[in-house]
Amino acid sequence: MTAEPTEVLAEADALELLGRGQIEIEGRLVAASNTTLRAEISLAGLTRRCVYKPVRGERPLWDFPDGTLAGREVSAYIVSKATGWDLVPPTILRDGPLGPGALQLWIDEPEAAEGLIGFVPAYDVPQGWFPVAAARDDDGDAYALAHADDPRLARLAVFDSVINNADRKGGHVLYPATGAIHGVDHGVSFHVENKLRTVLWGWTGKPLPDEALEVLGSLRDELDGALGEALDEHLTITEVQHVRLRVKRLLRSGRFPKPPVEWPAIPWPPI
């Protein structure tokens, strides 16, 4: 049975499916640096697709402890859920055909979905877009890496600042038919050092929206309770403490962060 795009699952139903469903691997997503598998998952006649990232397939990194990326994926979902912004698809940690790993609901994008991030001619940046970096193609023509001044992306930029996302590429932003946006691939997040690396620098230094300040205030309070306890299951005590520190810094400054000087500000490739 092949999973086809259908109605959106309620979050509780998606989590039950991910947690109890039978997983059948379809194939590997070869563009990913770590083992990333697309699979079908079925439970009580309901079938959907999911992304399965087994811990045993994680490529060792010099700056992140081995075997921790799946837990960071789940932690990003936990923080996303706490914001109420629905930025990360339902994600859990469970045993699968290749052992424990992160399991995330697959997000379908319509063929006609228009992205909000990309390279555009430097002389023709769309109205309402922010240019964030200059580039040239093989023929020497000037382009700009740019993104839309869109409140959905602004939410994602705040979220990335909280989780210290070191790899917000344009291709890690999905555009489902619901009109929402989703961020994926958060395995290299939650480091204790400032490693924020993103294509969403258009709001650098600008005041945070009132909505973001309200959400950050809620996160600050929840990190001393249920949210902090949930993150403790996947991150170190120090990493959770630094989530608190980043939230407090954002609230204190009231502004979007500036690019780090000790770390490349834009991931490669950007899209």
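The values are calculated or read from the model by the stated rules, or taken from the named source; none is laboratory data. Everything numeric in this text was worked out from a predicted model, so none of it was measured. FYI the Cβ positions are ideal-geometry reconstructions off the backbone, even for glycines, and counts take in every protein chain you see. We work out accessible area using only protein heavy atoms, side chains counted, and drop any ligands, DNA or RNA first. Shrake-Rupley method; radii C 1.70, N 1.55, O 1.52, S 1.80 Å.
What number results when the radius of gyration of region 114-166, computed over Cα atoms, is divided by 2.2 N^0.38 Å?
Compactness ratio reported: 1.29.
Using only Cα atoms, locate the centre of region 112-153 and the centre of region 18-76, then give the distance between them in Å, rounded to an integer.
So the two Cα centres are separated by 31 Å.
Using a simple charge model, +1 on the beta-carbon of Lys and Arg, -1 on the beta-carbon of Asp and Glu, nothing else, what dipole does the chain show about its Cα centre, in debye to the nearest 20?
800
State log₁₀ I(q)/I(0) for region 57-209 at q = 0.21 Å⁻¹ as given by the Debye formula over alpha-carbon point scatterers of equal weight, solvent excluded.
So the normalised log intensities work out to -1.37.
Per residue of the chain, what 222 nm ellipticity follows from adding -39500 (n - 2.57) for every DSSP H run with n ≥ 4, rounded to the nearest 500?
Roughly -8500 deg cm²/dmol at 222 nm, from the helical runs in the chain.
Which of the lysines could a cross-linker span from Lys248 if the Cα-Cα distance has to be under 30 Å and same-chain partners fewer than 8 positions apart are dropped?
Those lysines meeting the cut-off are Lys81, Lys169, Lys195, Lys206, Lys258.
Pick out, from Ala142, Tyr123, Ala39, the residue whose Cα sits farthest towards the positive end of the charge dipole of region 1-148, with +1 on the Cβ of Lys and Arg and -1 on the Cβ of Asp and Glu.
Highest projection toward the positive end goes to Ala39.
Give me the percent of the accessible area of region 1-153 that comes from carbon and sulfur atoms, probe 1.4 Å, all protein chains in place.
Details: 4190 of 8270 Å².
Percent of accessible area from carbon and sulfur atoms in region 1-153: 51.
Using only the C-alpha atoms of region 24-121, find the volume of their convex hull and express it per residue in Å³.
On the way: hull volume 16.5 nm³, N = 98.
So the per-residue hull volume is 169 Å³.
Over the Cα atoms, compute the radius of gyration (one decimal) and Dmax (the largest Cα-Cα distance, rounded to a whole number) for region 161-271, in Å.
So, for region 161-271, Rg and Dmax equal 14.3, 38 Å respectively.
Using R₀ = 22 Å, calculate the FRET efficiency as 1/(1 + (r/R₀)^6) where r is the Cβ-Cβ separation of Arg94 and Thr238; round to 0.05. Before the final figure, lay out the partial values.
Working: r = 26 Å, r/R0 = 1.18.
The formula returns an efficiency of 0.25 here.
Which percent of Cα pairs goes in each bin when the distances of region 80-133 are cut into 5 angstrom slices starting at zero?
Bins of 5 Å from zero give 4, 12, 14, 13, 15, 15, 12, 7, 5, 3, 0 percent of pairs.
Which whole-number value in Å² is the accessible area per residue of the chain, probe 1.4 Å?
With all protein chains present, the chain gives 50 Å² per residue.
Can you report the principal axis dimensions of the chain using only the alpha carbons, biggest first, rounded to whole angstrom?
52, 46, 36
Any chance you could run the full-extension gain for Ala31 through Ala112? It's 0.36 nm times the residue separation minus the Cα-Cα distance, nm to one decimal.
Contour length minus Cα-Cα distance gives 26.9 nm.
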